[in-house]
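Q: Dumping the structure here so I can ask a few things about it.
The values are calculated or read from the model by the stated rules, or taken from the named source; none is laboratory data. Every value quoted in this text rests on a predicted model; they were computed, and no experiment measured them. Here the Cβ is made from the backbone with ideal geometry for all residues, glycine too, and neighbour counts use every protein chain on show. These accessible areas exclude ligands, DNA and RNA; they are computed on the full protein's heavy atoms, side chains included. Shrake-Rupley method; radii C 1.70, N 1.55, O 1.52, S 1.80 Å.
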Amino acid sequence: MLGVHKCFLIGVFLFGIGSTLSALSSELSMLLVGRAIQSVGASIVFPLSMTLGIGLVNVEKRTGMIAILGITQGLAAALGPTIGGIVTQFMGWRWIFWINVPLTIIMILIGITNLNMRNEVQHKQSMDILGAILIMVTLATLSLGMMQGRVWTWTSFATVLCFLTSAVSFSLFVWIEHRSKNPMVPLQLFSDRNFSVSSGVIIFSNLFLVATTVILPS
């Protein structure tokens, strides 16, 4: 609706603003706000980088572009915790945010001068707002329950309520997606066995990757 190029640069800008606020934070609340803005920017940039990369090359070169993107993302996941640990130990924790600022400025300048901002193909379409809200509630309550379950105890009212809310929200999400004119997740994709198996493998691999990434810096 807004254009891939514009949204990508908006995401980079938000990531840079979030990094700056996090680096300047003098109290936890400001750090949380900065991290929230940073995560919104990252959530825009990460999926659009693949779309943008594929769209900028010819069809016969797309396999190579996907390989390059996959390698760089894999290296980032592998080297990120190590580099972050070194920067934190020798330069201080604020520098894990400051280091992002010049990179985002460079990305924005390169994007403004090279990306097609004016003549992007835009599509007028309806948004699956209800589906988006339901999946956010699903993931938020599931994450909260899993993180706080050991603190609240797994059988406490708060933990059970989180898991129950997540289950109900997810059920409603699936029901909405079946009836939406422009679903956030087209459920017919899962009728393809290869797609379903691949999605399952990606989910489990990322679960282990994130768990390992959290443990490594300590």
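Q: Identify the single condition in (1) at pLDDT 90 or above; (2) among the aromatic types (Phe, Trp, Tyr); (3) outside any helix (DSSP H, G or I) that PHE163 does not satisfy, given that it satisfies every other one.
A: Tallying (1) at pLDDT 90 or above; (2) among the aromatic types (Phe, Trp, Tyr); (3) outside any helix (DSSP H, G or I), PHE163 fails exactly one: (3).
Q: Picking from SER43, SER39, SER29, SER22, which residue would you name as being among the hydroxyl-bearing types (Ser, Thr, Tyr) and surrounded by 16 or more Cβ atoms within 10 Å (Cβ to Cβ)?
A: One residue alone meets the criteria, SER22.
Q: Does segment 177-216 hold any residues that are touching a residue at least 24 places away in the same chain (Cβ under 8 Å) and over 30 Å from GLY85 (Cα atoms), and which are they?
A: GLU177, SER180, LYS181, ASN182, PRO183, MET184, VAL185
Q: Quick check: is even one residue across segment 25-43 closer than 14 Å to TRP98 by Cβ, out of contact with any Ser or Thr (no Cβ under 8 Å at 6 or more places or on another chain) and without any contact (Cβ under 8 Å) to a residue 40 or more places away in the chain? Explain how you work it out, then say what you get.
A: Residues of segment 25-43 that are closer than 14 Å to TRP98 by Cβ, as a first pass: 25, 31, 34, 38.
Remaining after also requiring out of contact with any Ser or Thr (no Cβ under 8 Å at 6 or more places or on another chain): 25.
Applying the additional criterion that residues be without any contact (Cβ under 8 Å) to a residue 40 or more places away in the chain yields 25.
Checked against the condition, which is being closer than 14 Å to TRP98 by Cβ, out of contact with any Ser or Thr (no Cβ under 8 Å at 6 or more places or on another chain) and without any contact (Cβ under 8 Å) to a residue 40 or more places away in the chain, segment 25-43 yields at least one hit.
Q: For segment 56-123, which helices (runs of 4 or more DSSP H) that fit wholly inside it have 2 or more residues that are open to solvent by 40 Å² or more (accessible area, probe 1.4 Å), of a type in the set (Val, Ile, Thr) and closer than 25 Å to SER205 by Cβ?
A: On the way: elements: 62-91, 95-98, 100-114.
In segment 56-123, the matching helices (runs of 4 or more DSSP H) lie at 62-91.
Q: If I ask for residues that are within 14 Å of ILE133 (Cβ to Cβ) and either open to solvent by less than 80 Å² (accessible area, probe 1.4 Å) or not in a helix (DSSP H, G or I) (or both), which ones from segment 175-196 would you list?
A: Filtering segment 175-196 for residues within 14 Å of ILE133 (Cβ to Cβ) gives 175-177, 180, 183-185.
Across segment 175-196, the qualifying residues are ILE176, GLU177, SER180, PRO183, MET184, VAL185.
Q: For segment 134-160, which residues satisfy the criterion of being assigned to a helix (DSSP H, G or I), farther than 22 Å from LEU207 by Cα and open to solvent by 80 Å² or more (accessible area, probe 1.4 Å)?
A: TRP152, PHE157, listed by residue number.
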